[in-house]
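**Student:** One structure, as structure tokens, below. Some questions next.
Here, each number is a calculation from the coordinates, and none is a lab measurement. On a predicted model such as this, the values are computed, not experimentally measured, just so you know. Every residue, glycine among them, receives a Cβ derived from its backbone with ideal geometry; neighbour counts consider all protein chains shown.
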Amino acid sequence: MTIQTMRAIGLMSGTSLDGIDAAWLETDGETIAAFGPAATLRYEDDFRAELRRLLELAPNLAPNLAPDGPFLRQVEERLTRDHAIAVSVVGLGADLIGFHGQTILHQPERHRTWQIGDAALLARITRIPVVHDFRSADVAAGGQGAPLAPLFHAALAKALPKPLLIVNIGGVANITWLGADGEILACDTGPGNGPLDDLAQKYLGQPYDKDGAFAASGRACPARLAALLAHPYFALPAPKSLDRLTFTSLIAHATANLAPADAAATLAAFAATAIASAPLPAPPLRVLVTGGGRHNATLMRLLAEKFAVPVEPVEAVGWHGDALEAQCFAYLAVRSLRGLPLSLPSTTGVAVPVTGGRYQGVTL
């Protein structure tokens, strides 16, 4: 089949566990022809709690098994049906769906990455073919399997002055650095919203720290911050990637006996400092921030203090920050159909550019 411009819907449910982003994109997998509707479907509180439980169980489970009796199957089916609702919100006339699924385990050093979601069920409900399992091929080839957004970022930013730094702050934070001669470097920098969300849930009964107000009300502890930044991950060269729970025990120790607001302030400083400390080939002319973290005024203020160039949400250049990751997986789905690379040595550490994703057609 000759692939020209396709109408694709991308779906992303990130490590922040806040919900599902869905976005329509028209692309040939190289250039972006048009943007379409986008929407966010928030997870209900009880389902978010089930996903958190699954995250805690996943490190001790073997991929592709059905652990804990019917629990995984029930969560996966509910997750998939919620994604089908998200597709219906943005429109059913697409040619293809890019279905990331929900990451419950990411251990590239053990050649393991696990995103749950039933692609066959999603294709059957929506009557639209699905590309899924975007990360496994890269991890199997020795790559980190993340981040996967850099090639999409490069397509979006084609006309923007460079060097340019794009920061995505989800549950985990990651960067894409784009050079003036087409260079791309990417890595996860450290925790993003994830630990702050957990703290807000614990002490405020809220899924996240709205506007960063909780962190803004406290004071970061320099000694605890230094202990967090001493983690060996930060000495590793890019590319590199993280699991959402990589720092869980260290964060628990570093925030023990701190006032809750001071713990939040320390975690915000941790995320911002890790982002600003990422190794870059050259300083950027501008920093553009996407992901839920751009709504956190405390994180944005801390980042602005650490960079000597403008730090702005991606809306400053006309991008839709709440839809960007979903748009990315629409873009990658079309690239997958064309056999184009989804990752590069400089983005995931894989030895050669690698394509990925698996195609699921519509079945009765």
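**Student:** Regarding segment 71-135, what is the average projected area of its C-alpha convex hull, in nm²?
**Tutor:** 4.5 nm²
**Student:** Local charge sum around residue 206 (other residues, Cβ-Cβ under 12 Å, Lys/Arg +1, Asp/Glu -1)?
**Tutor:** Cβ neighbours under 12 Å give a net charge of -3.
**Student:** Let me ask another. How many nm separate the modelled label positions at residue 352 and residue 315, each set 7 Å beyond the Cα in the direction of the Cβ?
**Tutor:** The modelled label-to-label distance comes out at 4.5 nm.
**Student:** Using θ = phi - 60° and the Karplus form 6.51 cos²θ - 1.76 cosθ + 1.60, what ³J(HN,Hα) does each residue of segment 225-242 get, whole Hz, x for Gly and Pro?
**Tutor:** 4, 4, 5, 5, 6, 7, 4, x, 4, 6, 8, 6, x, 7, x, 7, 8, 10
**Student:** Just tell me which lysines come within less than 25 Å, Cα to Cα, of residue 210; anything on the same chain fewer than 8 places away is out.
**Tutor:** Once the sequence-local lysines are set aside, what remains near residue 210 is 202, 306.
**Student:** Each residue of segment 48-58 in turn: what ³J(HN,Hα) in whole Hz from Karplus with 6.51, -1.76, 1.60 and θ = phi - 60°, glycine and Pro shown as x?
**Tutor:** Ordered by residue, 3J(HN,Hα) equals 4, 5, 5, 5, 4, 4, 5, 4, 5, 6, 4 Hz.
**Student:** Also, quick follow-up: Identify which of 118, 181, 18 has the largest mean-square fluctuation in a Gaussian network model of the chain, with springs joining Cα atoms closer than 10 Å.
**Tutor:** Its mean-square fluctuation being the largest, the pick is 181.
**Student:** Follow-up question, since we're still on this one. Enumerate the amide H contacts of residue 19 below 5 Å, restricted to partners 5 or more residues apart or on another chain; note that Pro and chain-start residues carry no placed amide H.
**Tutor:** The list, which skips near neighbours in sequence, is 14, 43.
**Student:** List the residues whose amide H sits under 5 Å from the amide H of residue 105, counting only those 5 or more places along or on another chain, with H placed 1.01 Å from N in the peptide plane.
**Tutor:** 114
**Student:** Could I ask something else about it? Using the Cα atoms of segment 150-317, I'd like the radius of gyration and the largest Cα-Cα distance, Dmax, both in angstrom.
**Tutor:** Rg and Dmax of segment 150-317, Cα atoms, are 15.5, 49 Å.
**Student:** Rg to Rh for segment 9-60: what is it, with Cα atoms only and Rh by Kirkwood?
**Tutor:** 1.16
**Student:** Would you mind telling me the antiparallel percentage of the DSSP bridges in the chain, rounded to 5?
**Tutor:** DSSP beta bridges in the chain are roughly 70 percent antiparallel.
**Student:** Whole-Hz Karplus ³J(HN,Hα) for segment 190-198, in order, using 6.51 cos²θ - 1.76 cosθ + 1.60 and θ = phi - 60°, x for Gly and Pro?
**Tutor:** In residue order, the calculated couplings are x, x, x, 7, x, x, 5, 5, 4 Hz.
**Student:** Per DSSP H run of at least 4 residues, take -39500 (n - 2.57); add these up for the chain, divide by its residues and hand me the 222 nm value, nearest 500 deg cm²/dmol.
**Tutor:** Using -39500 (n - 2.57) per qualifying helix, the result is -10500 deg cm²/dmol.
**Student:** List every residue whose amide H lies under 5 Å from the amide H of residue 190, counting only residues 5 or more places away in sequence or on a different chain, with H placed 1.01 Å from N in the peptide plane.
**Tutor:** Amide H to amide H, under 5 Å and 5 or more residues apart or across chains, residue 190 pairs with 173.
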